[in-house]
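Take a look at the structure below.
The values are calculated or read from the model by the stated rules, or taken from the named source; none is laboratory data. Since the structure is predicted, the reported quantities are computational estimates derived from the model, not experimental observations. Here the Cβ positions follow ideal geometry from the backbone for every residue, glycine too, while neighbour counts run over all protein chains shown. Calculation scope for accessible area: heavy atoms of the full protein, side chains included, ligands and nucleic acids excluded. Shrake-Rupley method; radii C 1.70, N 1.55, O 1.52, S 1.80 Å.
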Amino acid sequence: MLKKFILFAALSMSTVAVAQDKAALDFGAREGVLDVSLSPDGTKIAYIIPDKGQGSRLYTVDIANGGKSFPALSASGDPERLSYCEWVSNARLICLVSMVLREAGEPVTVSRLVAVNADGTELKLVSMRQGYNAERFSYFGGSLIDLLPTDDGAVLLGREYVPEGRTGSLISKSDEGYGVDRVDTKTLATKSVVRPTRLATEYISDGTGTVRIMGVMKTDAGYDSGVRRYVYRPAGQTGWQPLGEYDNTTDSGFNPYAVDPSDNSVYGFEKFEGRFALYKVKLDDSLAKTLIFNRPDVDVDNLITLGRKKRVIGVSFATEKRQAVYFDPTFKKLGSSLSKALPDAALIHFGGMSADEQKLIVWAGSDTNPGQYYFFDKATNNISPLFASRPELEGYKLAPVKAVNIKAGDGTLIPGYLTLPVGVEAKGLPAIVMPHGGPSSRDEWGFDWLAQYFANQGFAVLQPNYRGSAGYGDGWYQENGFQSWKAAISDVNDSGRWLVSEGIAAPDKLAIVGWSYGGYAALQSAVLDPQLFKAIVAVAPVTDLGRLKEEYRGYMNFRVARDFIGSGPHITEGSPARNADKIKAPVLLFHGSLDRNVGVYQSQFMADQLRDAGNAAELVLYKNLDHYLEDSAVRAELLQKSSTFLKGKMQIK
């Protein structure tokens, strides 16, 4: 069935009217390259590019053979999509295929792993096949645990086992839970490496074929408690020993990420003085813990690993800009050299790497550079351009992004990013406040297709990291952007007032645009101050906190979601749909019908409430699209409709 989906399904054709605005088409286009990987010998590159609608195609390039390209795999996007592909040998790849389907009226995600040769032959399903007598359907197709660098064509896969049985038959399968198997992607020969464990959620290998860490869900009355109990295997042993616990609801405890076999230890993150820091824990009886790196101002939140063994080479964090600290002196020197040598390359990321670490994929970009992929050969010190991240934007003069501090009403300085239209005096401009999603997230310096499009259209764009944002420690995060909505939304509104007080924005030409939680913030800002923003655009917004909680009922994570959203007066006071009568500005809503993050009814209910209150509201629904609206035509229409709406409501020519 999956083979039929991938090979023969027709490409989905968008029913969206093509936007006439060239800028909307160009800025709304999906990234030109969705995923890139390098073969073990460094002679072949695999890359995924977007196709029509939500479709995608996998190509391979033989660098050693004159750059000859092969179409290897395609996904129509209706419903299957290619998420990523990794080389399991010099001739074969493993790819994750995901699908969003509707079951009992609700969108669900189904994933499957497939393997294919570089020339597109021998496509095989490597996810576990289920029998007709399985107790339930497994949506989860497995995860890649280890590429087994010395075992050509085989991998370690995390796989979900579902019991099978039939009344009156002696044939049954009782294994249940999440385990690890060695799977030969050519023959599909399978060997159990870690027996399936009920409620197991995570495995971490040492990159050389040995599973060293397992995470197990702790439950409360049958629901996920948010706590993970971690155990480890001592070197050379198969039994499990306690490592510790991590509580996702409070971000407390040690959260393991990557094993260092040379040091018999595991890297992970834990709070230090209210902010995430990088630690290393010995995987022996001592469990000795060492603080490796921390910052006094922001969370250290990203472990930099490289190569098929996922070797740890550094860590990164975001202040005004994201910065990397390399533990490996070779990559410390290389990162510094490349950022100086490559054009407009303030941000450097190392991607795929050959087994001997001599050849690698490098991505470089900045605020005014959407990104460029390069092929780098350490032996010759030669670097060659491969692909542009957004080729449609070549020729555009993009707007620089400036880190700013926004003074809130209580005197607190709110960090944020200001993007101004190119070649225009920053005085009395039409302006947009654009709060980020999450709410447990933050904006960072760099290219942003939404902000850049609106700057191209003449708007100043301000992106505040309001209180409730992640990345700045416990004190800034408070109780999260829902329970602490008054602080978060006050900061968002004060950001609009700051634009006016600084003379950047004209008070009658101030709008707000947001996606997901940002859409929630856009709507709730008008509940708190109905006169501030003159027009509102909300994409896939949360609008009713009570209904959002109910969306999780019946799922294992219901209690975690319930407690995150909280209970009390803020459920009513902090829900824009329940306060629609206070909103005076015209509203434009967008939502995908297969949104798994925020149910489409949130926008439908909001539109109904606004209309009942006598307010102008328009809702644009996109059939068979999820939260991210990953369709270039749809995104182009969203941009053009939003720009036309904002300019019309604020009488901008």
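A few comments on the model shown:
- For segment 237-253, the set of residues classified as farther than 24 Å from Asp263 by Cβ and surrounded by 14 or more Cβ atoms within 10 Å (Cβ to Cβ) consists of Asp247, Asn248, Asp251, listed by residue number.
- Scanning segment 61-77 for residues that are surrounded by fewer than 20 Cβ atoms within 10 Å (Cβ to Cβ), on the phi < 0 side of the Ramachandran plot and outside any strand (DSSP E or B) yields a total of 3.
- Residue list for segment 536-567, restricted to those being assigned to a helix (DSSP H, G or I), in contact (Cβ under 8 Å) with a residue 40 or more places away in the chain, touching a Phe, Trp or Tyr at 6+ places or on another chain (Cβ under 8 Å) and not aliphatic (A, V, I, L, M): Arg547, Phe558, Arg559, Phe564
- Looking only at residues in segment 261-290 that are hydrophobic (A, V, I, L, M, F, W, C) and within 30 Å of Leu413 (Cα to Cα), the one that is most open to solvent (accessible area, probe 1.4 Å) is Phe272.
- Enumeration of residues in segment 568-596 that are modelled with pLDDT of 95 or more, in a loop (DSSP other than H, G, I, E, B) and open to solvent by 60 Å² or more (accessible area, probe 1.4 Å): Pro569, Lys584
- Thr368 meets the conditions (1) over 23 Å from Phe454 (Cβ atoms); (2) open to solvent by 40 Å² or more (accessible area, probe 1.4 Å); (3) of a type in the set (Val, Ile, Thr) in every case but one. The failed one is (1).
- Candidates are the residues of segment 112-150 that are open to solvent by less than 20 Å² (accessible area, probe 1.4 Å) and outside any loop (DSSP other than H, G, I, E, B); the one that is nearest to Ser205 (Cα to Cα) is Asp146.
- Output for segment 493-512, where each listed residue is open to solvent by 10 Å² or more (accessible area, probe 1.4 Å) and touching a helix residue (DSSP H, G or I) at 6+ places or on another chain (Cβ under 6 Å): Pro507
- Considering each residue of segment 184-197 in turn, at least one proves to be free of Cβ contacts under 8 Å to residues at least 60 places away in the same chain, surrounded by fewer than 16 Cβ atoms within 10 Å (Cβ to Cβ) and outside any strand (DSSP E or B).
- Flag for Thr238 being of a type in the set (Val, Ile, Thr) and touching a strand residue (DSSP E or B) at 6+ places or on another chain (Cβ under 7 Å): no
- For segment 615-647, taking the residues that are in a loop (DSSP other than H, G, I, E, B), of a type in the set (A, V, I, L, M, F, W, C) and modelled with pLDDT of 95 or more, the one that is surrounded by the fewest Cβ atoms within 10 Å (Cβ to Cβ) is identified as Leu629.
- Flag for Val97 being assigned to a strand (DSSP E or B) and either buried (at least 16 other Cβ atoms within 10 Å of the Cβ) or modelled with pLDDT of 95 or more (or both): yes
- Close pairs from segment 231-248: first among the β-branched types (Val, Ile, Thr), partner open to solvent by 60 Å² or more (accessible area, probe 1.4 Å), Cβ under 7 Å, at least 6 apart: Val231/Trp240; Val231/Gln241; Val231/Pro242
- Here Asp301 clears all of (1) within 30 Å of Asp41 (Cβ to Cβ); (2) in contact (Cβ under 8 Å) with a residue 60 or more places away in the chain; (3) open to solvent by 50 Å² or more (accessible area, probe 1.4 Å) except the condition numbered (1).
- Members of segment 151-167 that are closer than 11 Å to Val88 by Cα and either of a type outside the set (Gly, Ala, Ser) or surrounded by fewer than 21 Cβ atoms within 10 Å (Cβ to Cβ) (or both): Asp151, Asp152, Gly153, Val155, Leu156
- Yes/no for Val108 being farther than 27 Å from Arg390 by Cβ, buried (at least 22 other Cβ atoms within 10 Å of the Cβ) and of a type in the set (Val, Ile, Thr): no
- Counting the residues of segment 597-614 that are of a type in the set (A, V, I, L, M, F, W, C) and not in a loop (DSSP other than H, G, I, E, B) gives 4.
- On the stretch given as segment 371-388, residues that are surrounded by 15 or more Cβ atoms within 10 Å (Cβ to Cβ), among the small types (Gly, Ala, Ser) and over 30 Å from Tyr472 (Cα atoms) total 1.
- When we screen Pro234, Pro296 for residues that are surrounded by fewer than 18 Cβ atoms within 10 Å (Cβ to Cβ) and in contact with a Leu (Cβ under 9 Å, 6 or more places away or on another chain), the only hit is Pro234.
- Pair list, Cβ under 7 Å, 6 or more apart: segment 513-532 residue open to solvent by 10 Å² or more (accessible area, probe 1.4 Å) and in a helix (DSSP H, G or I), other residue basic (Lys, Arg) and at pLDDT 95 or above: Val527/Lys582
- Strands (runs of 3 or more DSSP E) wholly inside segment 389-492 containing at least 2 residues that are modelled with pLDDT of 95 or more, surrounded by fewer than 24 Cβ atoms within 10 Å (Cβ to Cβ) and basic (Lys, Arg): 401-407
- Total residues in segment 533-559, condition of a type outside the set (Ser, Thr, Tyr), out of contact with any Asp or Glu (no Cβ under 6 Å at 6 or more places or on another chain) and open to solvent by 40 Å² or more (accessible area, probe 1.4 Å): 7
- Complete set of residues in segment 266-278 that are free of Cβ contacts under 8 Å to residues at least 24 places away in the same chain and either under 16 Å from Tyr230 (Cα atoms) or touching a helix residue (DSSP H, G or I) at 6+ places or on another chain (Cβ under 6 Å) (or both): Gly268, Glu270
- Residues located in segment 229-251, provided they are part of a strand (DSSP E or B) and either farther than 17 Å from Asp284 by Cα or basic (Lys, Arg) (or both): Arg229, Tyr246, Asp247
- Condition met for Ser337 (out of contact with any helix residue (DSSP H, G or I) (no Cβ under 7 Å at 6 or more places or on another chain), open to solvent by less than 50 Å² (accessible area, probe 1.4 Å) and within 29 Å of Arg442 (Cα to Cα)): no
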